[in-house]
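The next block holds one structure in the form of structure tokens; read it before the comments.
The values are calculated or read from the model by the stated rules, or taken from the named source; none is laboratory data. It should be emphasised that the depicted structure is a prediction, and the values quoted were computed from it without experimental measurement. Every residue, glycine as well, gets a Cβ built from its backbone with ideal geometry; the counts of neighbours run over all protein chains shown. Only protein heavy atoms, including side chains, enter the accessible area calculation; ligands, DNA and RNA are left aside. Shrake-Rupley method; radii C 1.70, N 1.55, O 1.52, S 1.80 Å.
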Protein chains: 4
Amino acid sequence: MEKESTVIIVAKADSPQSDIDAIEERIRLEGLKPHRIQGEHSTIVGVIGSCSPDFREQMEMFHGVERVIPIDKPYKLAARGEGRPSTKITVANDTVIGGESFVMMAGPCTIESREQLISTAEAVKRAGATVLRGGAYKPRSSPYSFQGLAETGLNYLEEARIISGLPVITEVMDPGLVETVSRYADILQVGARNCQNFPLLNAVGQTDKPVMLKRGAGCTTEEWIMSAEYIMSAGNARVMMCERGIRTLEDYTRNTLDLSAIPVIKRLTHLPVIFDPSHSCGRWHMVKSLTLAGIAAGADGALVEVHPAPNLALCDGPQSLTFENFSDLMEAAARVAEAVDRPIKPAAIAAA
Amino acid sequence: MEKESTVIIVAKADSPQSDIDAIEERIRLEGLKPHRIQGEHSTIVGVIGSCSPDFREQMEMFHGVERVIPIDKPYKLAARGEGRPSTKITVANDTVIGGESFVMMAGPCTIESREQLISTAEAVKRAGATVLRGGAYKPRSSPYSFQGLAETGLNYLEEARIISGLPVITEVMDPGLVETVSRYADILQVGARNCQNFPLLNAVGQTDKPVMLKRGAGCTTEEWIMSAEYIMSAGNARVMMCERGIRTLEDYTRNTLDLSAIPVIKRLTHLPVIFDPSHSCGRWHMVKSLTLAGIAAGADGALVEVHPAPNLALCDGPQSLTFENFSDLMEAAARVAEAVDRPIKPAAIAAA
Amino acid sequence: MEKESTVIIVAKADSPQSDIDAIEERIRLEGLKPHRIQGEHSTIVGVIGSCSPDFREQMEMFHGVERVIPIDKPYKLAARGEGRPSTKITVANDTVIGGESFVMMAGPCTIESREQLISTAEAVKRAGATVLRGGAYKPRSSPYSFQGLAETGLNYLEEARIISGLPVITEVMDPGLVETVSRYADILQVGARNCQNFPLLNAVGQTDKPVMLKRGAGCTTEEWIMSAEYIMSAGNARVMMCERGIRTLEDYTRNTLDLSAIPVIKRLTHLPVIFDPSHSCGRWHMVKSLTLAGIAAGADGALVEVHPAPNLALCDGPQSLTFENFSDLMEAAARVAEAVDRPIKPAAIAAA
Amino acid sequence: MEKESTVIIVAKADSPQSDIDAIEERIRLEGLKPHRIQGEHSTIVGVIGSCSPDFREQMEMFHGVERVIPIDKPYKLAARGEGRPSTKITVANDTVIGGESFVMMAGPCTIESREQLISTAEAVKRAGATVLRGGAYKPRSSPYSFQGLAETGLNYLEEARIISGLPVITEVMDPGLVETVSRYADILQVGARNCQNFPLLNAVGQTDKPVMLKRGAGCTTEEWIMSAEYIMSAGNARVMMCERGIRTLEDYTRNTLDLSAIPVIKRLTHLPVIFDPSHSCGRWHMVKSLTLAGIAAGADGALVEVHPAPNLALCDGPQSLTFENFSDLMEAAARVAEAVDRPIKPAAIAAA
């Protein structure tokens, strides 16, 4: 079992000598060695060795302790370490996530019908996407919203996969459905609301499918990485991180896409980083701008929502991410991707 | 099926007449009636009738639409309506949540041993608590932290329940374990990280146990209420809300306890409101201050962490929420509760 | 010149010995003594002595340094230290802020007319307030909003002060107006938007008037305390802190009142703490609830907005903080204040 | 005087007819026309015409009013309107901000010495920057930090301007110093902490210098635009917006750079948008990544911190934004800028 190491314990400013002694005594009882540094206003005790998170929490409640500062990162398997190579995840059709190419994943947010999905699959492939997205089980904040087609949707996804040759990514929300969804998906998606759903993380960690882990809207990068660590510690090393916006004071956009998370995750872990520019759904102009930004920032891929054009009988031109808009985006994306030496590779011909 | 009603559609400032006509045509096709208000710079179209959330989202993508403003609240079952009485939830031992008395729920965050739990149960009862808390399944951000005693913990909880006569509240994280946990718990707790775990909300909604729903650290009050609506729409009306802090820019405290959520929930819903002052664990001084504040703000109950004193052999006085501290807190709490006419009723004698 | 002391420097995980040596060499050149702790994965260097903030920033950019952790608080004059008594600020009419009594400051947000101010002054005094608030210079986020009556407003304030006998608090925004406003005010208010307006902090720091420093909506408690330190280091020790809400993800309330800041400021500093429950203006029910909460949390005073009733000819009962509502609030506040042993003392009779 | 127009007033769900009538009567007294829409659960009253912000606030307090929704944007001068061209700001040396080229502004955060500034000016110019930045007055959160060289720094800036031929940008914090700083600066910088310092906004609005307005860390985009409106309504139309990060729950980075603000500001206003990737100072890897992201997102320029190499006698290779790093960044930036058709134009030769 991997354990956390090295903490700094800061004693309260006015702690008597006996409190410091008791702290050191407690550390020795744990089989660890205290190193005291006596400052003018503070006393610091460094603890070298394997301090578990539980020991750390205990020390926080200790008499005379002002705070406990962990020095080493609490994640091990996800951590970028000395000489550890960046993780590359190969899915069907030779698509490699985290490799030399930037990977575009595109498709509808929700699978609505066989036709909708297949026409979109063909359109996004034609435009250069190499992974098809589509949700069969949808987390909806209202119980009165459409909740997805469930297994019927998975069947459409399988068909779209065969016809287009594109590997597919789809969301799973319930630990009890992981086995079912795994039979259809090339990549399992864990949604933002489930970023800290630990039973689900354990369940997807026990499959042999790559997992795309979306960041919780209320999660720090460290918590998000710890959730990847859960999946990895359950046995599944093929995890990719997906930034999709955090909750902030800003109210014009639904969430604030934190593109600085891209270099941060690259620095702290060896995992691929994807981003989702579409989540504030429907603002075409922002999707394009943010997609190009994420590519330039160094992401390994993007997850973009594409919908077929609504019925022309209903209105004469809704503003949405149409096939044309996506095709346009892909042209611009290709140029930026070239400029940062991460070309977008088209889907393998054999797969067509 | 309950549906949302009435939205205001704001057209883009420079939309031509034909766009506005198309918007109105689309509304009529839905079987609804548009009401146009022509302003100097804007055109607004009011839509009266049953607009589903899905229709609303569709309109947001419509050509010429600047934004769609929902007027009615998206929740129905949870909403405080005309003449609808406040919900009172009676659990074992005549404890009523949302009634005339303020209810103190106390106990250890995590069940560590039989002795720890039973001694704490007796201590908190003695001090005046009427519900015992204790976690058998613990959501931990690190896979390397102690994850709880699982069903062994539930067995200790049952024993503590019998000995103390206090009803118990305990957390459930996995839809697959809802049935098991329901056999032991008087109140099911849904944790903050699962506030939008919809399969879990559905599962607890199908039991006959009261549910305490903690607010997600990244959730707005509206999203939190929508999660209550999930539970209620699955058939379980006995939901109580629990404010436990949101993620903010403040870094001295782990989360920011949003006590204004207490009057907000009281105004928007008919559900009882509990709060959890202890989550930033270990700062005794803050727990007392925040508990009194929450009582004064009008909450129906609090959820406080109490631990037995650590082994005296190890140190001479750790600073934590000891039995003495809790007893102290209860005395102060009783005075504030009296001052706002919500006395803290002791546990029924018969239960002892 | 006060200086910051003691930092912990964490070296990068894979730093060679020569980097650590260079770090220690740099510390010695500053006249300080390095204390190395060699861990399994990390090397830590403690620095004891007077490290300036500038030295700390320099070290952050140093080759081989992962992060620099300040141990001692960066503020000195504001810090609660060993044996330092809590600050009590006496203003006119024997009102003491930070003393045994809870102090209610009330009045209109903005001075609109002589009559409005004087009638409000008399009403709030009658209800038990001991300080009159009223703004002559108003920070408004729109240049098209009413900006206040300026010096005319100050003249009305002087008159209201004489008639009611209540000391007055009013805002100053411009360093160039500090002298003028000081001639009229018993307490100078620095608004939330100016919490880090350093020229203004210096200017009010050079007066002999007590200063109420509102927390910036985007400021951590530490930054807010540092702003108090600016005023104090300019020579003015009579500073009181005022919590008035921070910007968060919550959108039902304009800001989130962070009542946990009350025990935090009490723990970290020796300064009085006030809070402002009214800022999300107009929701009577929330003002009452939050005022009682703040009193119970241990605040030294509150700042509440009270407006005279609007002309009855215009409507038959606007929902606002009327004199009746305030009087009602004061009755409830008195009970809670008694329950936490901080009675609300009425204004001195001599002043009437 | 420009005024805001058109609001929607939502009545409380259970308001009697007489309340709605009173609301409409009040609207008519203002000389405006109410438009009632009667829904099943709600009554909405649209108000067409010139509603001032003050009238809107008044209505929020009105009996029977649930909320007041402004429809038109509260800013007029800054708003992107029909046919209004994007603002281009020409500074010395033919540098145009908001034109066809991407503009790189670089230099030290703080002017420390003549040599430091001049060597940096020459280095950034050589690498392709066209504006020199450097602070003489520094807003520091600690009163014990170096506060800048003040007018001595401005003199060095003038010298660096002459030698390099680069126009200069520098910060002004105090309304009383605007005249002085304007004598030296080609662009006046208003810092994030002063984003809502209204006396300062008015003062820079009365100069004839272009102003770069940084977003406050706690400000929404709308508030930030309203601050631009202040400057413009005081008579100065040459305003550029600078995104520099907002305060969020994320704690790895000091602030979260909100790159989505770039397309948002472009959509809502006609003003140029700059961004500052360096503010979390010293993390070279992130600065490069974020600079490229901002260029791809469509910004008109960036503000990057560059420092000369620290004395080699002190250490053998500090990790900072050296001249070499900046030169490297410029090469990568040039490629991305080309890919989005916003080439980086070198400084005019005449200026050398």
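Going residue by residue through segment C:17-33, is there one that turns out to be assigned to a strand (DSSP E or B) and on the phi < 0 side of the Ramachandran plot? If you could, list the steps in order and put the result at the bottom.
If we filter segment C:17-33 for residues that are assigned to a strand (DSSP E or B), which is where we start, we get C:33.
Filter again for on the phi < 0 side of the Ramachandran plot, leaving C:33.
Yes, segment C:17-33 has at least one match.
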All positions within segment D:37-65 that are more than 12 Å from D:Val7 (Cα to Cα) and within 9 Å of chain B (Cβ to nearest Cβ): D:Ile37, D:Gln38, D:Gly39, D:Glu40, D:His41, D:Ser42
Qualifying residue in segment B:126-134 (condition: buried (at least 24 other Cβ atoms within 10 Å of the Cβ) and within 14 Å of another protein chain (Cβ to nearest Cβ)): no
Positions within segment D:66-95 being at the interface with chain C (Cβ under 8 Å from one of its Cβ atoms) and at pLDDT below 85, in sequence order: none
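Residue-by-condition table, conditions (1) within 26 Å of A:Ala334 (Cα to Cα); (2) touching a strand residue (DSSP E or B) at 6+ places or on another chain (Cβ under 9 Å):
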residue: A:Ala106; (1), (2): yes, yes
residue: A:Thr120; (1), (2): yes, yes
residue: A:Arg126; (1), (2): yes, no
residue: A:Leu132; (1), (2): yes, yes
residue: A:Lys138; (1), (2): no, yes
Neighbours by Cβ (under 9 Å, 6+ apart or cross-chain): first from segment A:100-119, in contact (Cβ under 8 Å) with a residue 24 or more places away in the chain; second assigned to a strand (DSSP E or B) and open to solvent by 20 Å² or more (accessible area, probe 1.4 Å): A:Val103/A:Val96
Total residues in segment D:138-155, condition surrounded by fewer than 17 Cβ atoms within 10 Å (Cβ to Cβ) and among the hydroxyl-bearing types (Ser, Thr, Tyr): 1
Residues being part of a helix (DSSP H, G or I) and open to solvent by 40 Å² or more (accessible area, probe 1.4 Å) - total across segment B:36-63: 5
Count of segment C:159-179 residues which are within 13 Å of chain D (Cβ to nearest Cβ) and of a type outside the set (Gly, Ala, Ser): 8
Criterion violated by C:Glu158 - all others in (1) over 29 Å from D:Leu177 (Cα atoms); (2) surrounded by 23 or more Cβ atoms within 10 Å (Cβ to Cβ) satisfied: (2)
Considering residues of segment D:150-170 that are in contact with a strand residue (DSSP E or B) (Cβ under 8 Å, 6 or more places away or on another chain) and assigned to a loop (DSSP other than H, G, I, E, B) only, the residue farthest from C:Pro175 (Cα to Cα): D:Leu166
Meets criteria (out of contact with any Ser or Thr (no Cβ under 9 Å at 6 or more places or on another chain) and either open to solvent by 20 Å² or more (accessible area, probe 1.4 Å) or in a strand (DSSP E or B) (or both)) for C:Met173: yes
Residues located in segment A:283-293, provided they are touching a residue at least 24 places away in the same chain (Cβ under 8 Å) and touching a Pro at 6+ places or on another chain (Cβ under 6 Å): A:Met286, A:Val287, A:Leu290, A:Thr291
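So in segment A:71-111, with the set limited to residues that are assigned to a strand (DSSP E or B) and not hydrophobic (A, V, I, L, M, F, W, C), which one is least open to solvent (accessible area, probe 1.4 Å)?
My answer is A:Gly107.
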Segment A:137-162, residues that are of a type in the set (S, T, N, Q) and over 23 Å from the mean Cα position of the chain (by Cα): A:Ser142, A:Ser145, A:Thr152, A:Asn155
Listing of helices (runs of 4 or more DSSP H) fully contained in segment C:183-297 that carry 1 or more residues being away from chain D (no Cβ under 14 Å), out of contact with any Asp or Glu (no Cβ under 6 Å at 6 or more places or on another chain) and open to solvent by 10 Å² or more (accessible area, probe 1.4 Å): C:261-268, C:284-297
Residues of segment A:142-156 satisfying the condition of being facing another protein chain (nearest Cβ under 10 Å) and under 23 Å from A:Ile274 (Cβ atoms): none
Single residue of segment B:298-311 satisfying the filter (more than 14 Å from chain C (Cβ to nearest Cβ) and open to solvent by less than 10 Å² (accessible area, probe 1.4 Å)) that is modelled with the highest pLDDT: B:Gly301
Hits in segment D:1-29 (condition: at pLDDT below 85 and surrounded by fewer than 21 Cβ atoms within 10 Å (Cβ to Cβ)): D:Met1, D:Glu2, D:Lys3, D:Lys12, D:Ala13, D:Asp14, D:Ser15
